Amino acid sequence: QVELVESGGASVQAGGSLRLTCEASTITVSAHCMGWVRSSPGKERETVALLYVGGSPTRYLDSVKGRFTIAQDNAKNTLYLQMNNLKLEDTGVYYCAAASPGRCQFINMSRATREFNYWGLGTKVTVSS
């Protein structure tokens, strides 16, 4: 039933780094639009990063550009999110999500996540000063 499983969330000081991992089972990551979605209390759910089918292009929420990198390992059927120079506002639950091929281009990073058909259970990231 759980087709995406996230790991790597932790508590970290501002300025630190974390690497999140998403392991896929029945879903083939190279054949889907893949993304990382963040949920924080009091804020609208945001799509933090996207990776299109074929590995290119990638897209990022403006607030994480230059700090976060999304990547996949097709041989391992695994998705990653490298997060550097973490800030307090990066705190939240991060979900791995998958959409049908060709749908990445229609996702609004700051608002829309309805395109995603598959979701992991999330991994918690807490950034402190």
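Things worth noting here:
- Within the range 79-114, being under 19 Å from residue 42 (Cβ atoms), buried (at least 19 other Cβ atoms within 10 Å of the Cβ) and either in contact with a helix residue (DSSP H, G or I) (Cβ under 7 Å, 6 or more places away or on another chain) or modelled with pLDDT under 95 (or both) holds for 109, 113.
- Being exposed (fewer than 14 other Cβ atoms within 10 Å of the Cβ), within 22 Å of residue 53 (Cα to Cα) and modelled with pLDDT under 95 is not true of residue 117.
The values are calculated or read from the model by the stated rules, or taken from the named source; none is laboratory data. Predicted model only: the values in this text are computed from it and were never measured. Glycine gets a Cβ as well: all are built from the backbone with ideal geometry, and neighbour counts include every protein chain shown.
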